[in-house]
Structures are given as C-alpha cells and as structure tokens.
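Heads up, the thing below is written out as structure tokens.
The values are calculated or read from the model by the stated rules, or taken from the named source; none is laboratory data. If you're wondering where the values come from, they're calculated on a predicted model, not measured in any experiment. Please note: Cβ atoms are built from the backbone with ideal geometry, for glycine as well, and neighbour counts cover all protein chains shown. Quick note on the areas: whole protein, heavy atoms, side chains included, nothing else; ligands and nucleic acids left out. Shrake-Rupley method; radii C 1.70, N 1.55, O 1.52, S 1.80 Å.
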Amino acid sequence: YRKETIAAFESRGVKMQSYRTLRDGKAFSDPAILATAQKHGKTAAQVLGRWCVQHGFIAIPKSVKAERMEENLDLFDFELDADDMSQLDALTTPEAISTFVGLYRKCVIRDTPLTDGIKMEITEG
C-alpha cells in the first residue's frame, strides 16, 4: 500500500485498480490476514477484497470456479475497522516493494519494447 503514490494519482482524478488483488493466493497464509479473516468470520480473499473496497480501489479478482466467484463478491456485509486497515496497510514492506519491482521489470522487458519513456524505477512512497 503505497499511500503517497496512490494519493498523487487520485489527486489527478485517476482511479486505482488493484493488480493481482488476491496475489494468486500467496497472501492467504499471512498471519495478519488470517487473524483479520477469523475476527470477521470471512476468508482471506474476502478480507483482501474488502480492504480494496474500503480504499476505493477497483478490484477484479480472477477465478474460474463459481464458488470462488461468489466468495469474492461476498464482502459487502462486513467492514474492516481502523486497526484492521492499519495492519493490512503495513503489509507493504520494503521487501514486498522489492518483489514488486522485480516483477514489474520482468513484465516490462517481456511485454514492452524497450524505448525511451518506459519507467524502470518505482517510487516507494
């Protein structure tokens, strides 16, 4: 959760879309996410989806299974409190940003011809 970067875009009228909202399930074993899910009687996927909704992000989770699609929609009957949001916001560590930077560079190199104008550096704010 890069609050300053997001604020800069939103101040210009850009709505943020959550890329890989559910992180391909990689976040489902995170202790903070699991504790929040248990607290609300929800799944890790629902907690992550609700976090996106409460931040005003556009979240488009991917699933091919009907039961998961329904689960991904079942996040409007609860709300994360300020402590929940702060704990989830804090999951964006320097290590997480470093991992993102590596993935970003890999995708840019794979999907985009390298020309002037491609941003290769990522702000951490």
(request) Could you tell me which of the residues Lys3, Lys42 is in contact with a Lys or Arg (Cβ under 9 Å, 6 or more places away or on another chain), basic (Lys, Arg) and touching a residue at least 24 places away in the same chain (Cβ under 8 Å)? (result) Lys42
(message) Going through Leu88, Leu80, Leu34 one at a time, which residue ends up being surrounded by fewer than 17 Cβ atoms within 10 Å (Cβ to Cβ) and among the hydrophobic types (A, V, I, L, M, F, W, C)?
(response) Leu34
(request) Search segment 70-87 for residues that are modelled with pLDDT of 95 or more and pair each with any residue that is among the basic types (Lys, Arg) and surrounded by 10 or more Cβ atoms within 10 Å (Cβ to Cβ) when their beta-carbon atoms are under 6 Å apart and the residues are at least 6 apart or on different chains. (result) Leu80/Arg50
(message) Looking only at segment 17-31, filter to residues that are open to solvent by less than 40 Å² (accessible area, probe 1.4 Å) and in a loop (DSSP other than H, G, I, E, B); which one of those is modelled with the lowest pLDDT?
(response) Leu22
(request) Determine whether segment 94-106 contains at least one residue that is surrounded by fewer than 17 Cβ atoms within 10 Å (Cβ to Cβ), under 14 Å from the mean Cα position of the chain (by Cα) and more than 17 Å from Thr5 (Cβ to Cβ). (result) no
(message) Checking Ile58 against (1) in contact with a Lys or Arg (Cβ under 8 Å, 6 or more places away or on another chain); (2) open to solvent by less than 50 Å² (accessible area, probe 1.4 Å): exactly one of these is not met. Which one?
(response) (2)
